[in-house]
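Asker: Can you keep this structure in mind? I'll have questions shortly.
The values are calculated or read from the model by the stated rules, or taken from the named source; none is laboratory data. Note that the structure is predicted; figures quoted are calculated from it, not measured. Cβ placement follows ideal geometry from the backbone for every residue including glycine, while neighbour counts extend to all protein chains displayed.
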Amino acid sequence: MLIRNTQKLVLISTVFILGLASLTSCTWVKNAPNSQAVRIVPADRMMGCRLLSKATTYTADNITLIKRSAKKVQEELDALAKNEAVERGADTIVRTSKVIEGKQSFDLYRCLK
C-alpha cells in the first residue's frame, strides 16, 4: 500500500511540474490589429523619425517561483510595445532599457510615411 501511495504521489508531482513548466512557456499577449507592421529598430539606426511617445511594458517573468524563458518574456514585452505603438500612431519602436523583472522601456517613433 505504501508503494502504491508513493507512486501516486510521484505521478501527481510529475504532472504538476510539467503543467507549471508548460505555463512558463506560454504567451498570453494578443497582437493588436496592424501590430505586426511595427518594426523594432536599434537606437543607432534611427534617422529621420519623429519620437511620438515613450512606453513601459510589463509581463510575468516567473510563475510560482519558476523562471520563464527570457525569449518568451522578451517576445511578450515586444508584442505589448507594438500594441502600444499601434494605439499611439507609431510604426517603429526602440528598446531603451534591458528587461528587469519583466519590465522594459521603449521609445515609439513615426518613421514611415
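Asker: Restrict the check to the range 21-36 and report whether at least one residue is of a type in the set (A, V, I, L, M), assigned to a helix (DSSP H, G or I) and modelled with pLDDT under 90.
Answerer: Yes; the residues of the range 21-36 include at least one that is of a type in the set (A, V, I, L, M), assigned to a helix (DSSP H, G or I) and modelled with pLDDT under 90.
Asker: Out of (1) closer than 11 Å to G102 by Cα; (2) part of a helix (DSSP H, G or I); (3) at pLDDT below 95, what's the single condition that is false for D44?
Answerer: The number of the failed condition is (1).
Asker: OK, next. Hey, can you tell me all the residues within the range 38-51 that are surrounded by fewer than 17 Cβ atoms within 10 Å (Cβ to Cβ) and in contact with a Phe, Trp or Tyr (Cβ under 7 Å, 6 or more places away or on another chain)?
Answerer: Matches in the range 38-51: M46, R50, L51.
Asker: Consider the range 29-46. How many of its residues are within 12 Å of V94 (Cβ to Cβ) and over 15 Å from the mean Cα position of the chain (by Cα)?
Answerer: Qualifying residue count for the region: 8.
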